[in-house]
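The values are calculated or read from the model by the stated rules, or taken from the named source; none is laboratory data. A quick note: this is a predicted structure, and the numbers were derived from the prediction, not measured. FYI the Cβ positions are ideal-geometry reconstructions off the backbone, even for glycines, and counts take in every protein chain you see. Just so you know, the surface numbers come from the protein's heavy atoms only, side chains and all, with ligands and any DNA or RNA stripped out. Shrake-Rupley method; radii C 1.70, N 1.55, O 1.52, S 1.80 Å.
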Amino acid sequence: MLPLRCHLNQAPPQVLCRFCAVMGKLQSKLKHSTYKYRPDGIIEDRIHTKAFQEYTPAHVDTVSVVAALNSDLCVSGGKDKTVVAYDWKTGNVVKRFRGHEREITKIACVHKSNQFFSASRDRMVMMWDLHGSPQPKQQFSGHAMVVTGLAVSPDSSQLCTGSRDNTLLLWDVGTGQCVERASVSRNLVTHLCWVPREPYILQTSEDKTIRLWDSRGLQVAHIFPTKQHIQTYCEVSEDGHKCISCSNGFGGEGCEATLWDLRQTRTRMCEYKGHFQTVASGVFLPRALALMPVIATSSHDCKVKIWNQDTGACLFTLSLDGSGPLNSLAVGDTISLLCASFRRGIHLLRVDHSPGLELREVAAF
């Protein structure tokens with residue numbers, strides 16, 4: 001390298017510029033394998049980085065939430081107050097929806113439909129149709145504070161919303177009318193998820209509690225053992241037998257995801273520890289991805305981790321350096337994940353089977 005450096009120092013500026021440009025192109029195509037070290041010197045996991053496609057950004061500011069509408073399209077929202085439908089396979093914005101006055105906090109998609117809901121810090125919930133007007137199809141107003149929970153019933157006839165006002169509201173989607181209201185002291189809602197094929201709604205809260213609500217009368221059906229940290233998120237498996245809850249934390253204290261049995265015992269089954277900051281989201285991955293059941297989590301520590309669902313072993317860690325906190329995670333299709341971040345928009349992640357089970361970033365938008 002020393003002789004090369006000497007020649008470069010003596011080269012005309014035009015030659016030097018051309019050389020740097022060529023090197024820049026080469027570096028963008030190189031595949032790197034690095035190791036991420038913890039402060040205590042222990043190798044945490046091997047991190048793979050690879051040249052990826054930079055698409056036109058979906059948003060001009062922080063992306064708070066992303067959800068998959070189908071195997072080609074995702075819907076996202078953030079601080080720019082805009083809901084965006086995006087074709088993540090081609091990198092094209094399909095449609096932009098405007099109506100909220102403040103940051104989008106939650107999005108819920110109607111199963112096998114082109115319709116979806118968005119919630120905002122403006123205390124409003126809006127219903128949209130991908131192929132309809134860019135104006136909301138229906139509006140739901142009833143909370144006194146920011147709406148932080150959103151769940152659609154399996155038959156799409158009802159919508160449940162939750163807020164920092166300690167209240168859950170149950171709505172008739174067709175009429176836009178509130179049909180049930182429930183309030184629990186200090187129950188600052190962080191997330192809602194409807195259990196497939198059941199009348200039950202799972203809810204996490206800042207009071208460190210996970211509640212299971214019966215939508216028939218909107219009554220608490222079960223309270224899971226209280227955790228030691230704020231519960232930030234919940235997700236239910238497709239069969240409705242299990243659920244994940246996520247914890248906030250810092251420096252490795254808290255920062256875990258927990259697997260619960262939703263059937264008769266409703267007990268804790270496993271914990272997933274390894275993140276160093278708040279775990280913001282967790283999803284069950286399609287069974288076709290691996291020989292064993294696996295889940296994925298995203299965290300404010302800029303990492304996405306894949307876990308063995310049954311043993312709690314971390315199978316792979318992807319570090320999205322420079323992204324800032326990772327706010328939301330969604331399953332795109334059988335091999336893809338979508339991850340919303342604070343600084344770098346939405347990341348498209350691909351699960352590779354060989355060698356082993358790996359996760360890599362293939363695009364950002």
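At a 10 angstrom cut-off on C-beta neighbours, averaged per residue, how do the peptides 196-203, 252-259 rank from highest to lowest?
Details: 196-203: 19.0, 252-259: 20.9.
Order by mean packing, descending: 252-259, 196-203.
Enter the accessible area per residue of the chain (Å², integer; probe 1.4 Å; all protein chains in place).
Details: 16850 Å² over 365 residues.
Here the per-residue accessible area is 46 Å².
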Taking placed amide H atoms and a strict 5 Å upper bound, the residues 5 or more places from Leu285 or on another chain that come that close are Val294, Ile295, Ala296
The range 155-288, relative contact order in percent, only Cα pairs under 8 angstrom and at least six apart counted
15 percent
For the range 49-97, run through the chymotrypsin sites (Phe, Trp or Tyr not before Pro) and keep only the ones in DSSP coil with at most 16 other Cβ atoms within 10 Å of their Cβ.
Phe52
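Using a 1.4 Å probe on the protein heavy atoms, what percent of the accessible area of the chain belongs to carbon and sulfur?
Values: 8620 of 16850 Å².
Carbon and sulfur atoms account for 51 percent of the accessible area of the chain.
With the Cα gyration tensor of the chain in hand, give its eigenvalues times 5 under a square root as the equivalent ellipsoid semi-axes, listed largest first in whole angstrom. Let's see the in-between values first.
On the way: eigenvalues 300, 124, 61 Å².
Whole-Å semi-axes of the equivalent ellipsoid: 39, 25, 17.
Expressed as a rounded percentage, what relative contact order does the chain have, with Cα pairs under 8 Å and six or more residues apart?
11 percent
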What number, in nm² with one decimal, is the all-direction average of the projected area of the convex hull of the alpha-carbon atoms of the range 84-170?
5.7 nm²
Just want to confirm a number: the relative contact order over the range 93-196, from Cα pairs under 8 angstrom separated by 6+ residues, in percent.
20 percent
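Working out 0.36 nm times the residue gap between Glu271 and Lys79, then minus their Cα-Cα distance, what length gain in nm do you get to one decimal? Don't skip to the end; give the middle numbers.
Values: separation 192, 0.36 × 192 = 69.12 nm, distance 3.21 nm.
Result: 65.9 nm gained on full extension.
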Can you list the HN-Hα couplings for the range 153-164, worked out from phi with the Karplus curve (6.51, -1.76, 1.60; θ = phi - 60°), rounded to whole Hz and with x for Gly and Pro?
5, x, 8, 6, 8, 10, 10, 10, 10, x, 8, 6
